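Down below is the structure, laid out as C-alpha cells.
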Amino acid sequence: MVLDHDLRMARARLALDGLSLGDAYGERFFAGPAAAMASEDQPPLVPAARVWRWTDDTAMAVSIVEELAARGAIDPGSLAARFGARYLIEPDRGYGGTAHEILHQLAHGRPWAAAASEPFDGAGSMGNGGAMRAAPVGAYFAGDLDRVVAEARASAAPTHANPEGQAGAIAVAVAAAVAVEMAAGLRPRTSAELLAAVIAATPPGATRDGLVRATELADRGPRAAAYVLGCGRKVISSDTVPFALWSASHHLDDYPTAVWRTVVALGDMDTTAAIVGGVVALAVGRDGLPADWLARREPLPV
Ligand SMILES: [Mg+2]
C-alpha cells in the first residue's frame with residue numbers, strides 16, 4: 001500500500017480527533033460520580049461543562065502529529081523538543097509526576113536519552129504516556145506494520161526508556177494501523193482479529209501478557225474486564241493498554257459506545273478513552289465521530 005504524505009496525514013489527524021475527543025470526554029467524568037453510578041447498558045450523563053477540555057494525552061499527540069507533518073517520520077530528538085516546548089506553554093494539562101520531571105528537562109535542552117532513562121533508579125518509565133499518544137503513529141504508517149512498530153518505539157523513547165512503556169505505544173499504534181486496514185475492508189472487523197494482530201507485534205512482557213488475557217475474556221461487560229485486566233489506576237502500560245484495546249476491539253463500528261463503555265469501567269478515564277478513541281475513529285471514519293461531542297471539545301492547537 002503506497003500512499004502519499006497528505007493521505008497519511010489525513011489519517012493521522014483523524015486519529016488525533018478521535019483521541020482528543022475520547023480524552024476530553026473521559027476527563028469530564030473526574031468532575032463527579034456520573035461514571036461510577038452509571039449502568040453498563042446505557043450512556044452515562046456527561047457532567048456539564050461549556051467546553052470539554054483536553055489533557056496531556058492530546059497535548060503530546062499534537063506534538064506527534066506535528067512531527068509527522070514536518071518529517072514524515074519520528075525523530076526522537078526532534079519530538080523531544082516538541083514535547084518540551086508544548087509543556088512549557090501549558091504545564092497544567094494533567095501530566096503525571098514523572099512526566100513533569102522529564103518534560104521540564106526536555107524543555108531546557110537536556111538530551112532525551114539521559115532524561116528518559118533516569119526515572120525509577122535508571123529503569124525508565126513504564127507508564128501509559130507512550131501508549132496514550134500513539135494512535136496517530138499507527139494511522140500514518142498503516143500498511144507497513146514493521147514500520148509502525150519501529151516508529152511507535154521512537155515516539156515513546158523520549159519519555160519512556162523502559163521496554164514496557166514502549167510496548168504500550170507499539171500495541172496501540174499497531175491497533176490503530178489494523179483499524180485502518182479494517183476500514184479499507186482488508187481485514188475482518190472483529191475483536192479477535194484486532195487483538196491477534198496486536199499481540200503478534202507487541203514485544204514480550206506484562207503488557208503483552210495482559211493482551212493475551214484480554215483474548216480469553218468473553219464480553220461480560222467493561223467492569224468485569226477491568227477487574228481482570230486493570231483500567232489504568234496504576235497508570236502503567238500493562239494496567240491500561242490491555243483493557244483499552246479489549247474495549248476498542250468490541251466496538252469497532254460504534255465510536256460513542258466504544259468510548260462510554262470504556263469510561264464506565266472507571267480508572268484512568270481520560271487516557272483509556274483517548275486510546276480507545278484514537279483506534280476506533282480510524283475504524284469508523286470521520287463520519288463516525290459524534291458531531292455534538294466534537295462541538296463541545298476544546299479546539300486543538302493544530
Ligand atoms: Mg490525561
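So the values come out like this:
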{"quantity": "Helices (runs of 4 or more DSSP H) contained entirely in segment 233-302, each with at least 3 residues that are in contact with a Cys (Cβ under 8 Å, 6 or more places away or on another chain) and modelled with pLDDT of 95 or more", "calculated": "237-249"}
{"quantity": "Condition broken by residue 201, with the remaining ones in (1) within 30 Å of residue 100 (Cβ to Cβ); (2) within 17 Å of the chain's Cα centre (by Cα) satisfied", "calculated": "(1)"}
{"quantity": "Residue 227, sole failed condition from (1) more than 20 Å from residue 18 (Cβ to Cβ); (2) modelled with pLDDT of 95 or more; (3) surrounded by 15 or more Cβ atoms within 10 Å (Cβ to Cβ)", "calculated": "(3)"}
{"quantity": "Check on residue 209, farther than 17 Å from residue 290 by Cα, part of a helix (DSSP H, G or I), modelled with pLDDT of 95 or more and within 16 Å of the ligand (Cβ to nearest atom)", "calculated": "no"}
{"quantity": "The lone exception for residue 139 - which of (1) at pLDDT 95 or above; (2) out of contact with any Pro (no Cβ under 8 Å at 6 or more places or on another chain); (3) assigned to a loop (DSSP other than H, G, I, E, B) it fails", "calculated": "(3)"}
{"quantity": "Elements of type helices (runs of 4 or more DSSP H) contained in segment 11-101, each with 1 or more residues being surrounded by 22 or more Cβ atoms within 10 Å (Cβ to Cβ) and more than 16 Å from the ligand (Cβ to nearest atom)", "calculated": "56-71, 76-89"}
{"quantity": "Cβ pairs under 9 Å, 6+ apart, first in segment 21-32 and under 19 Å from residue 289 (Cβ atoms) and without any contact (Cβ under 8 Å) to a residue 60 or more places away in the chain, second near the ligand (Cβ under 10 Å from one of its atoms) and assigned to a helix (DSSP H, G or I)", "calculated": "28/269; 28/270"}
{"quantity": "Sole residue being touching a Phe, Trp or Tyr at 6+ places or on another chain (Cβ under 6 Å), farther than 20 Å from residue 139 by Cβ and of a type in the set (A, V, I, L, M, F, W, C), chosen from 265, 226, 218, 206", "calculated": "226"}
{"quantity": "Lone unmet requirement of (1) surrounded by fewer than 23 Cβ atoms within 10 Å (Cβ to Cβ); (2) within 15 Å of residue 242 (Cα to Cα) for residue 291", "calculated": "(2)"}
{"quantity": "Condition check for residue 200: in a helix (DSSP H, G or I), over 19 Å from residue 15 (Cβ atoms) and either modelled with pLDDT of 95 or more or of a type in the set (Ser, Thr, Tyr) (or both)", "calculated": "yes"}
{"quantity": "Contacts under 7 angstrom Cβ, first residue in segment 260-286 being more than 13 Å from the ligand (Cβ to nearest atom), partner among the polar types (S, T, N, Q) and outside any loop (DSSP other than H, G, I, E, B), 6 or more apart", "calculated": "261/247; 262/247; 262/272; 276/247; 276/262"}
{"quantity": "Positions within segment 102-135 being more than 16 Å from the ligand (Cβ to nearest atom) and part of a helix (DSSP H, G or I), in sequence order", "calculated": "104, 105, 106, 107, 112, 113, 114, 115, 116, 117"}
{"quantity": "Any hit, segment 230-238, residues being more than 16 Å from the ligand (Cβ to nearest atom) and of a type outside the set (A, V, I, L, M)", "calculated": "yes"}
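Let's see how each residue does on (1) in contact with a Leu (Cβ under 9 Å, 6 or more places away or on another chain); (2) surrounded by fewer than 20 Cβ atoms within 10 Å (Cβ to Cβ):
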position: 171; (1), (2): yes, no
position: 179; (1), (2): yes, no
position: 194; (1), (2): yes, no
position: 200; (1), (2): yes, yes
position: 203; (1), (2): no, yes
position: 210; (1), (2): yes, no
position: 216; (1), (2): no, yes
position: 219; (1), (2): no, yes
position: 231; (1), (2): yes, no
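The values are calculated or read from the model by the stated rules, or taken from the named source; none is laboratory data. As the structure is a computational prediction, the values presented were derived from the model and not from experiment. Methodologically, a virtual Cβ is constructed for each residue, glycine included, from the backbone with ideal geometry; neighbour enumeration extends over all protein chains shown.
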